[in-house]
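Rule-based calculations on the coordinates, nothing more; no lab input. These figures come from a predicted structure and were not determined experimentally. Note that we place each Cβ from the backbone using ideal geometry, even for glycine, and neighbour counts take in every protein chain shown.
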Amino acid sequence: MESLTSLLSAIGALAVLVLLGRETIRGLVKELRLLFAELRMKHIEAQLRKLLSPNEPTSLWSIFTQSSTAFVEVIKEMIYATMSIVESLLGLFSFGRIHRMRKFKVVKRKTKHLPPSSAQLLMRFTIKPSDQEVIFGDMNEIFNIMVKQNGPGWARAWYVWHAIRSSTAQLVAKLWKWGVFAYIAEFIRKIASGA
Amino acid sequence: MSQNKYIGGLEESVLIAVHALGSDAYGVSIHNKLHDVNRRLSIGSLYVTLGRLEEKGYISSMEGEATEERGGRAKRYFKLTGNGIRALSDAEMVRAGLLDGYGGLVPWKA
């Protein structure tokens, strides 16, 4: 009877997962990974505590094995951290599709496409502050029109290309205003005249 | 008053676009208007030109409303000043003077 109940509950759980869909399973896996990472951290902490405690009888071999295990765990953690950074960077270029899971509930954002943040960062550094608000607004407006007409990929490519062009134009204008080009021209003229 | 009365080709195009658009002349509409006549310039370079024209006293600007598709950011509307209209008509006169009696690149089509 007990085995039948457990079998039925397992089938029920599987059916729920299938009904919830692929995104939910993916989210669940992510949650489990986070849980395991936490457990690993606790394990490392325990190992280090054991290693550093003065009451524990220590031998050279035990110190070596424990420290090597801790070292391997630290390396593993570093690999996992690198993987998550790469994952988040890939997420940055995932054309605005953000999937999130909060307590087994999938929050899917499909319609809101955002311009590339790297291009926005570039413009923040190059465009003069008084024009930033308006230029960002205009770029966003054209970006949203392009998302509807040509799709998010094309719109993002357009945004990056125009961010580079706009930044270059603004930088050249700044250099012109500071008289850098006049200085270079004067310098070349001096060299040409042999002075 | 303007420091330099000479206006370049791009400045003239922008002035014409601002004049043609009337009360709806802001960054995107000016950009689209210029794009329609194959003047493909970025928003950044358009604002450099608009800033230069404003410094020369040919156009004036005022802040507009913020909309959702702009990410809550305000528009900046531009309109021609008296000096701008004068500069534009001067440029038009210069062009008309140069084209007077000019048969075109292909004379038999003129």
Looking at region B:1-57, which chymotrypsin sites (Phe, Trp or Tyr not before Pro) are in a loop (DSSP not H, G, I, E or B) and have at most 16 other Cβ atoms within 10 Å? B:Tyr6
If R₀ is 45 angstrom, what is the calculated FRET efficiency for the pair B:Glu12 and A:Ile191, using the beta carbon separation as r and rounding to 0.05? 0.80
Quote to one decimal, in nm, the extra length available between A:Ile75 and A:Leu171 on full extension: 0.36 nm per residue of separation minus the C-alpha distance between them. 30.2 nm
Search the structure for amide H atoms under 5 Å from the amide H of B:Ile59, placed 1.01 Å from N in the peptide plane, and list their residues when 5 or more places away or on another chain. B:Glu54, B:Thr81
Could you check the spin-label model distance between A:Ser130 and B:Ser60? Points 7 Å from the Cα along Cα→Cβ, value in nm. 1.6 nm
Placing each pseudo-label 7 Å from Cα in the direction of the beta carbon, A:Ala13 and A:Asn150 end up separated by a distance in nanometres of 5.0 nm
Work out how much length A:Val86 to A:Phe64 would gain on full extension: take 0.36 nm times their residue separation and subtract the Cα-Cα distance, in nm to one decimal. 4.6 nm
With a Förster distance of 35 angstrom and the Cβ-Cβ distance between A:Lys112 and B:Ala20, calculated FRET efficiency to the nearest 0.05 equals 0.55
Averaged over the residues of A:147-160, the number of partner chain Cβ atoms within 10 Å of each residue's own Cβ comes to 0
